[in-house]
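Below is one structure; the comments refer to it alone.
No lab work stands behind these numbers, since they all come straight from the coordinates. Note that this is a predicted model, so its numbers are computed, not measured. Heads up, the Cβs are rebuilt from the backbone with ideal geometry, glycines too, and the neighbour counts pull from every protein chain shown.
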Amino acid sequence: GSPPETSLLKSLGLSAKPTPAAPAPVPSVLWRIFQGRALPAPGDRAPDRACRVEELNVPGNIIRVFADQGHFIHSGEPKTFLCLEKRLYFNFSVLEEGEQLTMAQLEINFSHNSYHTSSGGQVFELRLYQALQMSLRGMSSHTYNHKLLVAQSFVQLHKSLLFNLTEVAKGWRTPSKNLGLILEISVGSRDSAEALPPRRLQNLCASIDSFLDTSLLVVSLNQKQCQASRKRR
Amino acid sequence: SSYYTPVTPSNLCKPRRLYISFSDVGWENWIIAPQGYMANYCLGECPFPLTAELNSTNHAILQTMVHSLDPEGTPQPCCVPVRLSPISILYYDNQDNVVLRHYEDMVVDECGC
């Protein structure tokens with residue numbers, strides 16, 4: 001951009017004019033917050049938003065929804081009790097120096113309409129690992145050096161699952177420590193899945209095809225902006 | 001013997017309407033919302049004598065007095081924003097992430113001398 005434009009963008013906290021390549025739809029949570037701010041209810045006193053995101057009840061003044069840049073390790077026809085295995089990666093290089101991360105919430109979205117009747121209330125197991133060491137191509141996730149963060153059961157009636165990853169994400173500010181996550185979804189336990197006929201297992205895993213996407217909601221606090229507002233008041 | 005030129009009310013320092021359209025500045029490709037907003041700006045004179053309606057600082061009052069005595073050497077006080085309000089902007093960054101950011105001091109609500 002021209003020097004005045006560059007200077008303007010800098011004052012808005014941007015190093016250059018963004019050029020989005022493949023912009024995704026705006027997450028509903030951000031629309032809701034934006035519209036609540038743009039059209040406050042009559043009589044509502046505008047809260048001070050320079051230092052706090054009231055809508056999420058955390059300190060901060062920047063909300064980002066990071067698109068997942070990870071790839072599938074395994075999906076489709078099940079070879080084991082695992083239906084889906086995916087690396088999740090969120091590029092934190094866009095966070096500026098001086099920004100303090102105050103909240104990170106992972107959302108795993110399933111398509112609500114594609115609830116598969118063949119799953120018949122089947123319970124799935126979800127495990128989320130933090131990758132601690134780079135893996136080589138072709139190695140299974142079980143050989144990764146990884147740390148289990150979440151293990152929980154769910155039935156596929158949920159539209160989305162939310163996980164608080166604030167403490168894990170704080171470490172991702174250091175690029176060499178951001179090796180992402182491994183998401184595994186399986187049909188029950190290994191023992192119960194092995195007891196199922198292969199066709200049945202295949203059908204159950206097919207219902208997980210409604211797996212849509214994952215995103216990470218991150219709130220951060222730009223100290224400079226917050227301090228300037230406090231000082232003025 | 002002060003130098004005094006009458007100023008009509010329409011020339012007095014006050015907020016004027018200004019709509020900023022992000023497409024006019026070529027930012028429509030990455031700013032999702034709003035498409036523009038009423039930013040306003042300040043324009044008008046801060047004449048002698050300054051009245052309370054002109055939101056004048058003590059410094060402006062004294063500068064007006066000196067200006068009235070020496071119009072060539074001392075300028076009139078400036079008409080500037082004295083109260084601004086924030087807006088939130090929803091945009092895409094370079095990684096295609098969606099960002100909602102709060103920006104202070106984006107809308108001129110009141111002007112003063």
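Remarks
- Exposure proxy ranking, count of Cβ atoms within 10 Å, fewest first, for A:R199, A:R173: A:R199, A:R173
- Along chain B, longest interval not containing exposed chymotrypsin sites (Phe, Trp or Tyr not before Pro), exposed being DSSP loop plus at most 12 other Cβ atoms within 10 Å: B:5-113
- Counting only aspartates and glutamates at least 8 places from A:K224 when in the same chain, those with an alpha carbon closer than 18 Å to its own are A:D48, A:E96, A:E97, A:E99, B:E104, B:D105.
- Label-point gap, in nm, between B:V66 and A:L9 - each point 7 angstrom along Cα→Cβ: 4.1
- Average partner coverage of B:85-92, which counts Cβ from other chains inside 10 Å: 6
- Candidates per GluC sites (Glu not before Pro) in region B:1-107, loop by DSSP, up to 12 other Cβ within 10 Å: B:E72
- Long-range Cα-Cα pairs in region B:64-113 (distance over 17 Å), rounded percent: 60
- Residue exposure proxy: B:V82, A:V187, A:V155, ordered by other Cβ atoms within 10 angstrom of their Cβ from fewest to most, comes out as A:V155, B:V82, A:V187.
- Peptide B:99-111 shows a mean partner chain C-beta count of 6 within 10 Å per residue C-beta.
- Within the straight-line cut-off of under 13 Å between alpha carbons, the aspartates and glutamates reachable from B:K14 are B:E45, B:E53, B:D109, B:E110, sequence neighbours fewer than 8 places apart in one chain being disregarded.
- Spacing of the modelled spin labels on A:N145 and B:D24, each 7 Å from Cα toward Cβ, amounts to 5.7 nm.
- Mean projection of the Cα convex hull over all viewing directions, computed for chain B: 9.0 nm².
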